[in-house]
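One structure is given below, encoded as structure tokens.
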Amino acid sequence: MQIGLLLFPDLTQLDLTGPFEVFARVPGAQVYLVWKNLDPVRCDRGLRMLPSTGFADCPQCDVICVPGGPGQIALMEDDETLDFLRRQAAGAQWVTSVCTGALVLGAAGLLKGYRATTHWASHDQLALLGAIPVHERWVIDRNRVTGGGVTAGIDFALALVATMAGEDTARAIQLGIEYDPAPPFAAGSPTGAGQQVLDLLRPAMAPMLEKRLMATKAAAAKLG
């Protein structure tokens, strides 16, 4: 099984490394970190990661996955990346995303008419790209699989592995990584966090969200 994860500048590393940890444990799977070239890529919080293959040398993947993060905004009008995703999607068994990677799939025209999810703060942008927004941790619609924000990438990957390789395999991977969440606070969603916490976070996110919305509207106009 060939699995490709898009590695791009200013992505949120956990969007990628969470699913990578799950996919890399699937028996017989080969997992690629894919970018335009093999230069180190800096994530949004400073971690540097190395692509394992470039676009030109990437094999046809059975699973293609797009993470999210602030760097997703630039990808919305990056024709080289969007064309790569369209080519891979044409031959892939599964076309997938985590967090705002869903908006990149949408900009490539790959979510029209599909149920999908993304990070809560950008969820309302899915409809602009022809997707059908669903408020779930992950969503499987035919061969499109989308995960919610950041940590949802682990849940998304386990659900996809269960579909591809069986629940026993997915359960064994979950046990192997001791994925047994017990967060100290019920603040992982807007509902649980409450208005006071939302009021603390929203001002910090507002400039980036405005840029993302502009990029989504521009991509939607291109799609027609």
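Residues that are crowded, with 18+ Cβ neighbours inside 10 Å and farther than 15 Å from S97 by Cβ within the range 34-52 comprise W35, V41, C43, P51, listed in sequence order. The set of residues from the range 122-138 being outside any helix (DSSP H, G or I) and either closer than 24 Å to D62 by Cβ or touching a strand residue (DSSP E or B) at 6+ places or on another chain (Cβ under 6 Å) (or both) comprises L126, A131, I132, V134, E136, R137, W138.
Yes/no per residue for (1) of a type in the set (G, A, S); (2) touching a Cys at 6+ places or on another chain (Cβ under 9 Å); (3) not in a helix (DSSP H, G or I):
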residue	(1), (2), (3)
I140	no, no, yes
L158	no, no, no
A170	yes, no, no
A182	yes, no, yes
G192	yes, no, no
A204	yes, no, no
M208	no, no, no
L213	no, no, no
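State whether the residues of the range 55-74 include one that is under 23 Å from T117 (Cβ atoms) and of a type in the set (S, T, N, Q). Scanning the range 55-74, I find at least one residue that is under 23 Å from T117 (Cβ atoms) and of a type in the set (S, T, N, Q), so the answer is yes. Of the set (1) assigned to a helix (DSSP H, G or I); (2) surrounded by 15 or more Cβ atoms within 10 Å (Cβ to Cβ), all apply to G188 but (1).
Contact map, the range 53-64: first residue assigned to a loop (DSSP other than H, G, I, E, B) and crowded, with 18+ Cβ neighbours inside 10 Å, second residue among the aromatic types (F, W, Y) and modelled with pLDDT of 95 or more, Cβ cut-off under 7 Å, separation 6 or more or different chains; pairs are F55/F84; C58/Y32. Between L110, L85, L103, the distinction of being aliphatic (A, V, I, L, M), buried (at least 22 other Cβ atoms within 10 Å of the Cβ) and over 19 Å from W138 (Cα atoms) belongs to L85 only.
The values are calculated or read from the model by the stated rules, or taken from the named source; none is laboratory data. Quick caveat, the model's predicted, so the values are computed rather than measured. Note that each Cβ is placed from the backbone with ideal geometry, even for glycine, and that neighbours are counted across all protein chains shown.
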